[in-house]
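K.L.:
First the structure, then my questions, so here it is.
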């Protein structure tokens, strides 16, 4: 074999060796990244705080009440929250100005 053929074979082997090493490094990097993300997800899942829930009336206005969890289901016929006020109380109309008031103001 001549020198040029030997250089070509050597170059080809170096290429495959370098490519294999890059593939191994990227595989290990991917494995450690996956392990890190799985650890983070498990930590978030097991150290989650207690949820808090709030209630308001149907229109979304008025008082916001924090709900407290019950140890047992509510089997009574009475409601846990006060009923919403009647709709005619919540709807108020703005007074209209007549033409004389509009020209003065």
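K.L.:
Taking the Cβ of each residue in 6, 1 as the centre, tally the other Cβ atoms inside 10 Å and list the residues starting with the fewest.
P.N.:
1, 6
K.L.:
Here is a follow-up. Compute log10 of I(q)/I(0) for the range 1-64 with the Debye formula, placing one identical point scatterer on every Cα and leaving out solvent, at q = 0.13 Å⁻¹, to two decimals.
P.N.:
Taking Cα atoms of the range 1-64 as identical point scatterers yields -0.69.
Values quoted throughout were computed directly from the atomic coordinates according to the rules given, and no laboratory measurement underlies them. The structure displayed is predicted, hence computed values, not measured ones. In this analysis, Cβ positions are derived from the backbone assuming ideal geometry, glycine residues included, and neighbour counts consider all displayed protein chains.
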